[in-house]
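The values are calculated or read from the model by the stated rules, or taken from the named source; none is laboratory data. All values reported here derive from a predicted model rather than from experimental measurement. Every residue, glycine among them, receives a Cβ derived from its backbone with ideal geometry; neighbour counts consider all protein chains shown. With ligands, DNA and RNA removed, areas are computed over all heavy atoms of the protein, side chains included. Shrake-Rupley method; radii C 1.70, N 1.55, O 1.52, S 1.80 Å.
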Amino acid sequence: MSKQIQVSGLDAYYGAHKAIEDVSMTIEPRSITAFIGPSGCGKSTFLRTLNRMHEVIPGARVEGKVLLDGDDLYGASVEPVSVRRMIGMVFQRPNPFPTMSIYDNVAAGLRLNGRLPKSQLDGIVEESLKGANLWNEVKDRLTKPGAGLSGGQQQRLCIARAIAVKPQVLLMDEPCSALDPISTLAIEDLMAKLKDEFTIVIVTHNMQQAARVSDRTAFFNLAGQGQPGKVVEMDETSRMFTNPSQKATEDYITGRFG
Ligand SMILES: Nc1ncnc2c1ncn2[C@@H]1O[C@H](COP(=O)(O)OP(=O)(O)OP(=O)(O)O)[C@@H](O)[C@H]1O
Ligand SMILES: [Mg+2]
């Protein structure tokens, strides 16, 4: 089930340092939203505020509102752990549990949620690996360690692990930056397929990738050294890449940045 995220007036801090300021945006369900912008402008920080991973860092805090289909993710009665289950995350470096088998990697999150009968677990593992376009490559070696897969396969394994718990949103922070072009295309194909079911947010430094895969794009930028990052503009990707309304966006997209 895919859900909408509505962010308003969001600031994120590391101690006294304000890393992002006054971010407001709507992230639509059943679509891919890309975050682009120069290094250090707060894309990863903002992504982590969307599933309450930011506050895990000592001294880090968030102000403002994040609503998931209208429900306040920072409400007093909300458990951060349940937010992270609803809003899954895939990181830059594939990080499967290295000594765990392929099967157990996918089952890991499900087991945290309680015991399931083996037949049901088998079904979800297969469905998740199929969903991540990995099943055919691993179905004969499910008991082998996850670390034995190629980088691209490991990243798809991490995606299978993330979707196994049926999140509503999938956050991906530069999921292809450690991958070769063929694995990158495999992940892009996969994202196009997953957006039927999940709300997807991807951070990428690759402009072609943002243009290829995303429906909407947000451009983040820093007003200056030591200043917090902000969203300069956000729109349909096709318009952002052909006719941005801000000069800073155009400069960044066309590589004339800095
Ligand atoms: N754990 C942390 N502790 C303190 N400051 C941090 C931490 N993580 C990030 N920052 C700071 O917050 C700001 C935003 O960093 P962030 O990693 O969100 O940027 P980014 O846009 O994802 O950059 P990149 O494109 O290089 O990944 C930077 O000034 C960074 O130094
Ligand atoms: Mg980052």
Phi to ³J(HN,Hα) by Karplus 6.51 cos²θ - 1.76 cosθ + 1.60 over the range 66-80, Hz, x for Gly, Pro: 10, 10, 10, 6, x, 8, 6, 5, 9, x, 4, 9, 8, 7, x
Gain on full stretching of the segment that runs from Asp215 to Ala192 - 0.36 nm per residue minus C-alpha separation: 7.3 nm
Accessible surface ranking that places the most exposed of Asp235, Asp22 first, with a 1.4 angstrom probe: Asp22, Asp235
Added length on full extension, which subtracts the Cα-Cα distance from 0.36 nm per residue, Gln120 to Glu63: 16.5 nm
Full-stretch length increase - Glu236, Glu137 - with 0.36 nm per residue and alpha-carbon distance subtracted: 32.1 nm
For Gln4, distant residues with modelled amide H under 5 Å away: Asp69
Given charges at beta-carbon only (K, R positive; D, E negative), |dipole| of the range 1-159 in Debye: 480 debye
Sum of -39500 (n - 2.57) over DSSP H runs of 4+, divided by residues of the chain (222 nm, nearest 500): -10000 deg cm²/dmol
Cα lying deepest toward the dipole's positive end in the range 45-151, options Ala107, Asn51, Ile124, charges on Cβ: Ala107
Two-site label geometry, Asn113 and Asp22: point separation in nm, points 7 Å out along Cα→Cβ: 4.0 nm
Charge context of Lys230, other residues only, Cβ under 14 angstrom, K/R +1, D/E -1: -2
